[in-house]
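Read through the structure below, which is laid out as C-alpha cells, and then see the notes.
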Amino acid sequence: MFQRLDLGHGIGLRTKHFARFLEQRPPVDWVEAVTENFMTDGGRPIAVLEKVRRDMPVVLHGVSLSIGSLDPLSETYLAALERLVARIEPAMVTDHLCWGSHRGQYLHDLLPLPYTEESLSHVASRVVAVQERLGRRILLENPSSYVAFRDSAMTEWEFLSELSRRTDCGILLDVNNVYVSARNFGFDPVDYLDGIDPARIGQFHLAGHSDKGRYLLDTHDEPVPSAVWDLYREALRRFGRLPSLVEWDDHIPSLDEVVAQSRRAAVIEAEELAPALRRAS
Amino acid sequence: MTLAETQALFHGLVSGELPLDDVAVERAFPGTDEFRAADRVAIYRNMYVGRLVDALRETFPNLARFLGEERFARLGQSYVAAHPSEHHDVGRIGWRLADFLREYPDPERPDLADLAELEWTRNEVFFAPDSPVVGPDALAEVGPEKVAGVRLHLSRSLRVVVLARSATALWRRMESGEPAELPAPGPAAVVVWRRGFEVFHCAVPMEEAAALRTAMDGEALDSICAPFADRSDPAADAYAALASWFNEGWISAVSVNPPA
C-alpha cells in the first residue's frame, strides 16, 4: 500500500558536487540520484552514490522508464533498475508520467501522453508490472508540457489521480512543472492542486524555468522563482508536510547555493505548517 | 487517433522524420494563431537534437574542442540522424561515432575517427566494473615448474585498441596546447585502464598489444610471451612488459587453471 515518507528536504546529487559529498555530509536531509546515471557496474558515480547512501537516504529518480510508451517495457532497463535498487536500497523509486521511446528508439525526452482512457489503461498495466517486478510502489511525476492533444478527455491531474488509485502508485508533484504547464496552456495552477488526489502525493519537486516569451521552458538552470515558491505554499496548505527536492541540472551553481534553496523550502514549510500545528496542539 | 498513431506521429515530428507542416499536426495538437501547434511541437524537436549533441560533447570533449562548436554540432546532427539512440542511457549515444567518422572521414583529418575511438574507450573504462589488483608476488608464488602454464587475468576495465594513427600523440598535443598536427599514418596500439576513479591511456608496441590480447583470451603465459619472439632478447622484453603490467595494476589475478 502506498505510504508517505517523512524524509525532509533534499537536493539532487550532481557530478559537480561529488567531491563535496565525499568530504563531508552536506546539510540536507536526503538526495535524489538520476537513476540512469548510476546504472553502471563500476566507476566513480556509483562509488560516490554508495558512500552518500551510507550518510543519508537516497531517492532514485528515473528519466527513461518510458512508462507510457507502446514499446514493451525494456528488460535491460528493468534488470538494471532492479540491481540498482538492491544495491542502494532507496527510500523511493520515482519516474515520470511520460513516454520517450518508440520502436526501440529513445528520444531522451519526457513526452506527454494524450489523457484518454486508452492511455490510462495502458500506463496502469505497466505501472502494475513495474511495481510487481520491483516489489515496491513507485511514484510518477507530472511532466512539463508544451503540447496538448485534441484527443485528451481528462485533465492531467484527473489522469494522474485515477492512475494512482488504480495502481496504488504515488504521485511526485513537481510544483514547477504544474506552473510551467499552467502558463503554457493558460489554466490556473491552483486548479491543478485542487483537483489532484491529495492522499496520493508522496513528494514535491521544486525547480527553476526559463521564460521564452510565448512559453515557459522547464530548464532547471536557475533558482526556484518566486511564483513557484508561492505555488509551493499553496501545495503545503493542501497536502501538508512532504519530502521536497530542489532540482538544478544546468548551469549548476555551488553546492552551498543549491543547499540554500533546499533550506528555503524548509523555512517555507515551517511558515506554512506551523500555524496548523499550533492549532492542532 | 489511437495512442499508437499519436506516438508514431509525435516521434516522427520530434526526431525529424516527419515535417512540422504535416497536416496531421493540426489534427493531433491544438494550437492558436499566436502559438501554432507546429511551433509547440518544434520545441521538442529542437531540444531533441540539442540534447543528444550535448551528450556527445560530454563523451568526446577533445574531439569537440578540436572541431569547435559549430563543426561538432554539425557532425553530431548528422550522426544522430544516421544513428538514433537505441539505449535508455543517453551517455551511450556515441558508441558508433568512430565508425561513422571512418565511413564519412574528414578529408583533411582522417585521424578524427581514431581520436573518437580513444575517447569512447576512455568513457567505457570509466564506467567499467572494478577489479582487484595483484602484484608480481602472485606470479612468484606459483613456482617455476608451473609458470609457463600460468594464466593472467586482466583488470575488467582494461582495454586494448589498435588505431590507424596515433591518437595518443594528438591527445598529448591538444592537452599541452600545441598545434594538433595530423599524426603520421601507421597502426598504433593503445592501452586504456583505470586506477581508482582516474582513467589513463598509453601507447604500447604492437607486440605488447598482441600479448595483452592473448592474455585476455585466457591463454597461458608461454603463449602470452610468444609475440615477443622476434625481438633481439625476447625473454628480457617479455619480462619487462609483464613487470609493467603488474606495476600499472593491470593484473587482477594469477591462476594455473584455464578460465572457466
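None of the figures in this text is laboratory data; all of them are computed from the coordinates on show. All of these numbers come straight from a predicted model, not from anything done at the bench. Here the Cβ positions follow ideal geometry from the backbone for every residue, glycine too, while neighbour counts run over all protein chains shown.
What the table below lists for this structure:
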item	result
Point-to-point label distance, B:GLU248-B:HIS83, nm (Cα→Cβ direction, 7 Å offset)	2.5 nm
Coarse-grained scattering of the stretch B:110-260 at q = 0.08, 0.10, 0.17, 0.18 Å⁻¹, given as base-10 log I(q)/I(0) from a Debye sum over alpha-carbon atoms	-0.24, -0.38, -0.99, -1.08
Neighbouring partner chain Cβ atoms per residue of B:32-44, average, 10 Å criterion	3
Mean Cβ count within 10 Å, highest first, over the residues of peptides B:50-59, A:58-67	A:58-67, B:50-59
Estimated dipole of the stretch B:117-229 in Debye, rounded to 20 [Cβ of Lys and Arg +1, of Asp and Glu -1, Cα centre]	180 debye
Cβ-based charge dipole, chain A, positive-most Cα from A:THR155, A:TYR77, A:GLY12	A:GLY12
Test item: Cα-centred dipole of the protein assembly as shown, Lys/Arg +1 and Asp/Glu -1 on Cβ, debye	1000 debye
Rg(Cα) / (2.2 N^0.38 Å) computed for the stretch B:1-104, rounded to two decimals	1.24
At R0 = 45 Å, FRET efficiency that the Cβ-Cβ distance of A:GLU23 and A:ARG133 yields, to 0.05	0.75
Cα-based shape type of chain A, given that a ≥ b ≥ c are square roots of the gyration tensor eigenvalues and the cut on a/c is 1.5	rounded
Förster-model FRET efficiency, 45 Å R0, A:ARG103 and A:ASP55, C-beta, rounded to 0.05	0.60
Phi-based couplings in Hz for the stretch B:48-55 (Karplus 6.51, -1.76, 1.60; Gly and Pro marked x)	4, 5, x, 5, 6, 5, 4, 5
Proximal lysines to A:LYS51, defined as alpha-carbon separation beneath 22 angstrom and excluding residues fewer than eight positions away on the same chain	A:LYS16
Shape category assigned to the protein assembly as shown from the gyration tensor of Cα positions, a/c cut at 1.5	prolate
Label point at A:ASP6 placed 7 Å out along Cα→Cβ; residues across the stretch A:172-214 whose backbone nitrogen lies under 19 Å	A:199-204
Estimated distance in nm for a label pair at A:LEU73 and B:GLU178, the labels positioned 7 Å out from Cα along Cα-to-Cβ	5.5 nm
Spherically averaged projected area of chain B from its Cα convex hull (nm²)	19.3 nm²
Kirkwood Rh in Å, taken over all unlike Cα pairs in the stretch A:137-181	11.3 Å
Rg(Cα)/(2.2 N^0.38 Å) for the stretch A:124-211, N = residue count	1.12
Centre separation in Å (Cα based) which lies between the stretch A:94-140 and the stretch A:200-223	21 Å
Where only alpha carbons of the stretch A:144-281 are counted, the Rg and the Dmax (Å)	15.5, 49
Anisotropy class of the stretch B:169-223 from Cα gyration tensor, a/c 1.5 cut	oblate
Mean residue ellipticity (222 nm) of chain A, computed from DSSP H runs ≥ 4 via -39,500 (n - 2.57), nearest 500	-13500 deg cm²/dmol
Within the stretch A:9-280: Cβ-based charge dipole about Cα centre, in debye rounded to nearest 20 (Lys, Arg +1; Asp, Glu -1)	700 debye
R0 of 60 Å, Cβ-Cβ distance B:ASP137-B:THR32: FRET efficiency to nearest 0.05	0.20
Bins of 10 Å from zero: percent of alpha-carbon pairs in the stretch A:11-102	16, 48, 27, 8, 1
Top positive-direction residue, dipole computed over the stretch B:1-104 with Cβ charges, set B:MET1, B:ALA24, B:HIS11	B:HIS11
Summed side-chain charge close to B:ALA220 - residues other than B:ALA220 whose Cβ falls under 11 Å, Lys, Arg +1, Asp, Glu -1	-1
Distance between the stretch A:141-192 and the stretch A:18-51 - C-alpha centres, whole angstrom	30 Å
Cα→Cβ-extended label distance, 7 Å offset, between A:VAL190 and B:ARG195, nm	6.3 nm
Neighbouring partner chain Cβ atoms per residue of B:7-13, average, 10 Å criterion	5
Charge-dipole axis of the stretch B:153-235 as Lys and Arg at +1 and Asp and Glu at -1 on Cβ define it, positive-most pick from B:PRO234, B:ALA215, B:VAL161	B:VAL161
Shielding of B:81-87 by partner chains, average beta-carbon count, 10 Å	4
